Each structure stands twice: as C-alpha cells, then as structure tokens.
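**Q** Right, I'll just put the structure down here and ask away after.
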Amino acid sequence: MDSLSIAKTKIQNYFQYTDENTRNAILKQLKLMMLSFKSLPPSPHPIIPEEFLIAREILEIEMEKYLNARDTKNFELAYLKIKQFYFDYKGILAKSERMLYFVGLYLLHLLANNKTTDFCTELELLDAADLNSPYVKISRDLETCIMEGNYKHIQNIKSESMNLPHYNDYLEKFDSAIRFQIARSSEKSYDSLSLNDAVALLMLNNVQELNDFIKYDIARQEAREIDWQISYDRVYFIPINRDKMSIPASSIIEDTITLATEIEKII
C-alpha cells in the first residue's frame, strides 16, 4: 500500500475515534507522512494533486483540533500553512467544502485581535462570490459596524450567529474589540470623562473594572499616544510627550536670525 493510501486510511481512522489522545497520535502520524509527499511546496517536482488534497485535509483536521481546544495561536499558525492550498493552487485543486468556514473563522480571529489591516488583505484574496458567503459576511458586517461605530448593531449580528460552531467563541471576544474602539474614540473626543460615564461608555460594570481596563488594556498598548489618569471622580486623557511634540517657535526664529546675521558677515 502506497503512502497516499495509508494516509487516506489514517484519516478515516481519525474520524472513527473519539478518544482525544488517539486522535492526537493519528494526527501526528499524518503530519509526519506529509513530509514524504514529493510534490508539496517548495518541492521542484511536478504537482501531484492527490498529495495536495490529502495534505489540505490533514491541515483542516489540525485547524479543527485547535479550534476545539480554543487554542487561537496555533489555529492561526495552522491557517497560515493551509492558505497556499486554498488560494495559490485554486486553479489546480477542487475547492474544499470547508474552506469558507475556516476562512470566516480566521477573519473573525483577525477582527477580534484588532488586526484590521490583515483583515482587509485577506478579503482581497477571496472571489467576489465568496464575499457573500454567510461565513464571510458575518465578519464583513462586523467590520463595517466597528468602522462606523454602530456598536448596537454588532450585538444583533452576534445574536444571529451564535448557532455556528466555533464562531461563538470568537464573537464573545468582540466585546473587547468593541471596547478598544470606543476607547480610541473617547481619547479623541474628550479631555476627560466622569468615572460613571466612562464605565457606561465602555460597557463595564463598575469602577474597579475600569481600573483593570486601564491597567491591562490601555497601559500595555504599543505606540500609545494618550495616557489615562484617574483623579477623584474623573478619568483624564493626557497626551504623552506633549512638550516634546511642541515646536519652540521663538527659539527657532531667534536662532535663524542669528544664523542669517553671521552668514551676512561672512559674505
């Protein structure tokens, strides 16, 4: 029996077992078998479509495993491995029945982690017909609501999509993504807010949660331009390094005049 036939049999065995340890052992064997496939990239050998199809199915099994375990980091890594089978070779391979399901989940993953640039890049890879897939449309609608600040409608989208397997896990994360966007808008719109208003605006339950949000979400942001400071019953939005950003106009004018005078003496 050749390696492709053995791989097919192992894939069938994987779905027959319910024990997680047995499944993990079979998946590990399948991933090792992929190394023996002669035509998988970056191999110089001519493409063998059957090898590609089996490899794609193995990677889909791997993604499902990480989704079941709510291991979002490894789900992302597994998706990045399967992307080439979904897009780079779509002219050679028949379309996977589960492709849009996984693509939709990856798009939600990007939105939930505020990776909007990557989200837009991924959308550009899809055919026009795929953009209207229910799996993809969920994330497109959510992204539109976030960009427009229509946070109320996001709750409606969430309630309509709760019956999709694994999608609920990502949709629950959108409270954090929405809160992040509201925080950015608040920094630009207000100099300060009362603690009660800030709690309500950020959809928190109390001032302690606001303190935690500032400590764990605001303070850890990279390239942060605004500092959040609580004083008495208000939270203040303080620009960071304002003094460094200001231009000392009088000093520049004085130095310029001095330089011009010295140049004139030389001439």
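The values are calculated or read from the model by the stated rules, or taken from the named source; none is laboratory data. Remember, it's a predicted structure, so these values are computed and weren't measured experimentally. Here Cβ is always computed from backbone atoms with ideal geometry, including for glycine, and neighbour counts include all displayed protein chains.
**Q** Output the residue which, of all residues in segment 170-191 that are crowded, with 17+ Cβ neighbours inside 10 Å and among the hydroxyl-bearing types (S, T, Y), is modelled with the highest pLDDT.
**A** Only one residue fits best here, namely S186.
**Q** Let me ask you something else. Could you list all residues from segment 177-213 that are in a loop (DSSP other than H, G, I, E, B) and of a type in the set (D, E)?
**A** Filtering segment 177-213 down to residues in a loop (DSSP other than H, G, I, E, B) leaves 190-191, 202-206.
Hit for segment 177-213 is D191, nothing else.
**Q** Ok, one more. Wholly within segment 31-132, which helices (runs of 4 or more DSSP H) include no fewer than the required count, namely at least 3 residues that are in contact (Cβ under 8 Å) with a residue 40 or more places away in the chain and touching an Asp or Glu at 6+ places or on another chain (Cβ under 8 Å)? Spell out how you get there, then give the answer.
**A** Numbers: elements: 49-68, 72-83, 99-112, 116-123.
Here the list reads 99-112.
**Q** Turning to a different aspect of this structure: Could you tell me whether any residue of segment 42-50 is crowded, with 17+ Cβ neighbours inside 10 Å and either assigned by TED's automatic domain parsing to the domain that holds K10 or within 17 Å of P165 (Cα to Cα) (or both)?
**A** Pass one, segment 42-50, residues crowded, with 17+ Cβ neighbours inside 10 Å: none.
No, segment 42-50 contains no residue that is crowded, with 17+ Cβ neighbours inside 10 Å and either assigned by TED's automatic domain parsing to the domain that holds K10 or within 17 Å of P165 (Cα to Cα) (or both).
**Q** Given the conditions (1) out of contact with any helix residue (DSSP H, G or I) (no Cβ under 6 Å at 6 or more places or on another chain); (2) at negative phi, which single one is not true for G149?
**A** (2)
**Q** In this structure, does K10 turn out to be part of a helix (DSSP H, G or I) and surrounded by 14 or more Cβ atoms within 10 Å (Cβ to Cβ)?
**A** yes
**Q** If you scan segment 204-213, which residues turn out to be closer than 19 Å to Y151 by Cβ and surrounded by fewer than 14 Cβ atoms within 10 Å (Cβ to Cβ)?
**A** Of the residues in segment 204-213, the ones closer than 19 Å to Y151 by Cβ are 204-205, 209-210, 213.
Scanning segment 204-213 gives N205, E209.
**Q** Condition check: assigned to a loop (DSSP other than H, G, I, E, B), modelled with pLDDT under 90, loosely packed, with under 12 Cβ neighbours inside 10 Å and not charged (D, E, K, R). Does I252 satisfy that?
**A** Numbers: assigned to a loop (DSSP other than H, G, I, E, B): no; modelled with pLDDT under 90: yes; loosely packed, with under 12 Cβ neighbours inside 10 Å: yes; not charged (D, E, K, R): yes.
So I252 does not fit the description; no.
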